[in-house]
Amino acid sequence: MATAYHHLSDYDAQSVPSASGMRFGIVVADWNDRFTYSMADAAIETLKLHGAAKENIVVKHVPGSFELIFGAKWMVEKGNVDAVIAIGCVVRGDTPHFDYICQGTTQGLAELNLRGDVPVIYGLLTCNTMEQAEARTGGILGNKGTECAVTAIKMVDYKHN
Ligand code: DLZ
């Protein structure tokens, strides 16, 4: 879990394989776009930093986090990519809706990982407050998008080595 000791953008760059030749799909939810777009930008920047070509990063948008399931499924089946990064941000409101979206989306993305050959990286922020989301999307705890990009590269490498 993210704590004061875990900064989402801190990682050992030496441990990250080259992403040259790898193809990535990024599915971005437009809900809370202030946060999700920042995560997507950080993911793209990190993939490129490690050698991924711009033309090998396919970005598609879906309306909300719940649609990440279908969006990621489409990317896995038809996107011709080696890994998919699903990016969303759910912030708790007054009703139990938060719990249903978080649980449904998490389960959907988990099932894609169980059934498919293309790893789907879990870039869903589940926050109690906007401040928590801000802290994890370029704030004091770094950027979840960076962590997702590094994870995606490592999972593609995992399949090949
Ligand atoms: C409806 C809804 C609500 C209340 N909150 C969020 C949220 O915080 N983050 C998010 O990504 N999406 C939210 N949504 C939209 C749902 O994910 C979904 O798009 C709609 O329920 C339509 O299926």
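Some notes on this structure:
- 5 angstrom amide H check on L125, placed H, neighbours 5+ away: G88, C89, V90
- Per-residue extension of 0.36 nm, minus the Cα-Cα distance of A110 and T95, leaves a gain of 2.9 nm for this segment.
- As a rough guide to protection, the peptides 22-34, 53-65 ranked by mean Cβ packing within 10 Å, highest first, stand as 22-34, 53-65.
- Column: log10 I(q)/I(0), Debye, Cα scatterers of the chain, q = 0.10, 0.18 Å⁻¹: -0.32, -1.07
- Looking at the chain, the DSSP beta bridges with both ends there are about 10 percent antiparallel.
- Pairs from the list K73/K154; K48/K73; K60/K144 with a Cα-Cα gap above 22 Å: K48/K73.
- Under Karplus coefficients 6.51, -1.76 and 1.60, residue-wise ³J(HN,Hα) of segment 143-154 in Hz, glycine/proline x: 9, 4, x, 5, 4, 5, 5, 4, 5, 4, 4, 5
- Mean separation of Cα contacts under 8 Å, 6 or more apart, over the residue count of the chain: relative contact order %: 32 percent
- The residues of the chain present an accessible area of 54 Å² per residue when probed at 1.4 Å with all protein chains retained.
- Across the accessible surface of the chain, with the other protein chains kept in place and a 1.4 Å probe, carbon and sulfur atoms take up 53 percent.
- Working from label points 7 Å from Cα in the Cα-to-Cβ sense, the D157 to V58 distance is 2.4 nm.
- Gain on full stretching of the segment that runs from S15 to D33 - 0.36 nm per residue minus C-alpha separation: 3.4 nm
- Cα gyration tensor category, rounded, prolate or oblate, for segment 1-72 with a/c compared to 1.5: oblate
- The amide H of N143, built 1.01 Å from its N in the peptide plane, has L8, S9, G138 as neighbours under 5 Å, considering only residues 5 or more places off or on other chains.
The values are calculated or read from the model by the stated rules, or taken from the named source; none is laboratory data. Just so we're clear, the structure is a prediction, and the values are computed from it rather than from any experiment. In this analysis, Cβ positions are derived from the backbone assuming ideal geometry, glycine residues included, and neighbour counts consider all displayed protein chains. Quick note on the areas: whole protein, heavy atoms, side chains included, nothing else; ligands and nucleic acids left out. Shrake-Rupley method; radii C 1.70, N 1.55, O 1.52, S 1.80 Å.
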